[in-house]
Structure formats: structure tokens, C-alpha cells
1. For the range 201-215, how many residues meet the condition of being in a loop (DSSP other than H, G, I, E, B) and in contact with a strand residue (DSSP E or B) (Cβ under 8 Å, 6 or more places away or on another chain)?
2. Which one of these is outside any helix (DSSP H, G or I) and surrounded by 24 or more Cβ atoms within 10 Å (Cβ to Cβ): A281, A316?
3. Only one of these conditions is not met by K191: (1) assigned to a loop (DSSP other than H, G, I, E, B); (2) touching a residue at least 60 places away in the same chain (Cβ under 8 Å); (3) over 22 Å from K88 (Cα atoms). Which number is it?
4. With L338, L330 as the choices, which residue is within 20 Å of the chain's Cα centre (by Cα), closer than 28 Å to A159 by Cβ, modelled with pLDDT of 95 or more and hydrophobic (A, V, I, L, M, F, W, C)?
5. Among F5, F96, which is the only one that is within 21 Å of the chain's Cα centre (by Cα) and among the aromatic types (F, W, Y)?
6. So, in the range 232-265, how many residues would count as being in contact with a Phe, Trp or Tyr (Cβ under 6 Å, 6 or more places away or on another chain) and either part of a strand (DSSP E or B) or under 30 Å from E20 (Cβ atoms) (or both)?
7. List every residue pair whose Cβ atoms sit under 8 Å apart, with the two residues 6 or more apart in sequence or on different chains, where the first one lies in the range 240-261 and is under 25 Å from S160 (Cβ atoms) and assigned by TED's automatic domain parsing to the domain that holds F370 and the second, anywhere, is among the hydroxyl-bearing types (S, T, Y) and assigned to a loop (DSSP other than H, G, I, E, B).
8. Inside the range 203-237, can you point out the residues that are of a type in the set (S, T, N, Q), in contact with an Asp or Glu (Cβ under 8 Å, 6 or more places away or on another chain) and surrounded by 16 or more Cβ atoms within 10 Å (Cβ to Cβ)?
Amino acid sequence: MKDIFIVADNIISPLGFTTEENYSNIKNGLSGIKKINSPIPPYEPLYLSKIDDKLLAEKSISIINPDNYTRVEKLLILSISDTLKQTKVDVKGNDFFMIISTTKGNIDLLEEENKDKFPKDRVYLWSLANTLQEYFKTIHKPLILSNACISGVNALVSASRLIRSGAYKHVLVAGVDIVSPFVVSGFQSFKAISSEPCKPFDKNRDGINLGEGCGTLLLSSDASLVKNKIKLLGGAVSNDANHISGPSRTGDGLLLAINKALKESSVSSEEIDLLNAHGTATVYNDEMESKAFKTVGLQDTTMNGLKGYYGHTLGAAGTIETIISIQSTLHNEVLPTLGYNEHGTPESVNISTVLVKKNIQYLLKTASGFGGCNGALIISKFDNYS
């Protein structure tokens, strides 16, 4: 089976505009979640993770004609450009492809204040693909993948399959979403937003914090591009068909995705050194995950969640959290789960609470989302390649 190397990456978030800056700030215990005014009436303070507007404007000066692009498009262009600068891949070549993962895209263009700033069709996801193809001058139009909160993980699974099939040598995956009035009002209608910084897997958890950001990874079958020795061994997606917003109470959908990913990777659950969970800090998600992890034999595996640093970045969560977990693997460090204090799920899991050194060979990244969707990735560090 063809090897899939992860050869470059970038994160843009409230914690920085590079992967290195993001990882350093997390190691120092910083969080992008701040108490700021809600974007919807009555505009009361809410805990959100939002990129500073002035800083984004400053960084966007490097974009050709930046005023021609939306907030989402600027994040994508900046993150993709930084990732591509790290390699010699020809984006105009026939063997290069892009996948964009997002739940809402340019949804902020529906707001009254933005309606006249851009053509009406820019709100559609297909238009986002056209914009990126035009900017980067790629032969192939990017694929937009929108599958709730597993969009990023799903995009990485799809990218690996495209490379293994021989369709492309290089596939770039970029996940993005922003904090918008539409998204905030939607989650508030579910009563899913916490009144304080989120607490993944904690006894007193009461909901999510919404966040925004962009995470980009370049996957390739070309070993000559390898810098950090990281491979994507396998991945899978599944659906538990339980409820439009509620996950399976047994964790069977996530369990199916994990087992398929392990089988494809020829890795056993006992070999997993680090489990990076979805960990939304909602009552039902964290409960479901603990059951799935116990069933597959991962209850003693070192585990963490990263939403205490970023909030829930929706379509970007799978890419951002995968990149940070790869950095943990390369540095042999387990990051603490910010917000977790007291165990609060029906099944016991081994949640990290402090930064510790540990040899990490195999990483499992999971994700779950509305509509019962689930995803899992197996990533490995390697020493030699021939």
C-alpha cells in the first residue's frame, strides 16, 4: 500500500499564525478562549475563541488584492500559502489537488452588514472552490467537503484515498470556519454553549465554546518531500444513524470508525500511544466517546482534548487538532486537557492533566458530529524510509 506522508502544515488561530506559534502557546498554557461580546442580540458577553480583526488585516497585506476576499477566504489563502512555502510542490501541476473542509464557509455574507460587500453567490460553497482555484491557479477545482464536525478528519481520509488510488501525488487539506451570528445563534438554540470556558470530560461540563481558525496539511506520496517523519497510516468514517444532533448512546458509530482505521493501519489498540479525542465538553458527546474508547480497549491509553485552547472550530477542528497532535508526537510530549479537573463520564479514561514527556509512536485522532457522523485517523512517526 502506498505511503502517505504529511510533509507540511500551518495553523491560523487566536493563538498564532503558524504551527510553531500555536504549539508554543499551548505548551505555555495559553487559550484563545476569551470573554467577548456575542455577535447576536442582546450582545451579552460570551466565551468565544476569535482571531483579532486588526491582526488578520495586517497579515492579509501579503494577499494579492486582499479587499477582494472574505474573512474565510483570507484565512484559507494565508494558511495554504504558508503551507506551500514549506515545499517545492507545483500547485499548477496535474498531480496536485485541494480539499477544503468547512461546515458553513462564507456564512457571514448572509448578515445584513455584509450583503452588499460581495456578489450574492459568494455565500455558496461551490463559489468558495472557484475563488481558491482562481487565486492559486490550480488545474483542478478544489473539492469542498462539509460533513458537520468531522469535516476535517473526513477530508484527510479522503485525501489519503485519492493518493493511494493514484489519482494525485499531492493533496492539500485545509479546514476553516469562523465565528458568525448564524453559527452562534444555531448553537444557542440547542442550549449547547457553555457560560464559561469549556471543560472536556469534566464532571461539571455544560457545553461548548465556539472558535474560529484554519488548519492546513499537505499530504504526499513523494518521499523526497519528507522533513518531519510522519505518515498517515489509515483512517475511516462511519455514521451511527442515531439522531440529527445527538450521538449514539452506546458509542457504536465511533467504535466502528476506530476499528476500521486500526485495521487499515495494521495497528492494534494496545499500540496507540496518544489518543486525541473530539472532546466537545457537551454531556452526550463526551459520554459517548468514553464508551467507545472503553469498548475498543483504549480506556488506559493516554488521552487529551484540545478544545479548551481553541473552542470548537467546527470544520477546522479535525485539521487544527491533528496538526497539534502531530507536533506532540514529534516532540514526544502529551499536552494537558485544559478545563478538565474531575472525571465526569460513565467510563473511566486516562485524561492528561499536565504536560508530560512520553515516547509517542502511534497517534489516534477521533472526531464526531451532528447527524451521527464519526471519523478516526491513525498517524505514525517513523525513523527510516527506503
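1. Residues of the range 201-215 that are in a loop (DSSP other than H, G, I, E, B), as a first pass: 201, 203-207, 209, 212.
Still in the list and also in contact with a strand residue (DSSP E or B) (Cβ under 8 Å, 6 or more places away or on another chain): 201, 203, 207, 209, 212.
Going through the range 201-215 one residue at a time, the tally reaches 5.
2. Working: A316 fails: outside any helix (DSSP H, G or I).
Sole residue among the options that is outside any helix (DSSP H, G or I) and surrounded by 24 or more Cβ atoms within 10 Å (Cβ to Cβ): A281.
3. (2)
4. Every option except L330 fails the conditions.
5. Working: F96 fails: within 21 Å of the chain's Cα centre (by Cα).
None of the others qualify; the one that does is F5.
6. Looking only at that region, the number is 0.
7. From residues that are under 25 Å from S160 (Cβ atoms) and assigned by TED's automatic domain parsing to the domain that holds F370, the pairs are D240/S248; L254/S248.
8. Taking the range 203-237 as the starting set, the residues that turn out to be of a type in the set (S, T, N, Q) are 204, 209, 216, 220-221, 224, 228.
Still in the list and also in contact with an Asp or Glu (Cβ under 8 Å, 6 or more places away or on another chain): 204, 216, 221.
Residues satisfying the conditions are T216, S221.
The values are calculated or read from the model by the stated rules, or taken from the named source; none is laboratory data. Everything quoted here is computed from the prediction, not taken from an experiment. Because the Cβ atoms are built from the backbone with ideal geometry, glycine has one as well, and the counts that use them run over all protein chains shown.
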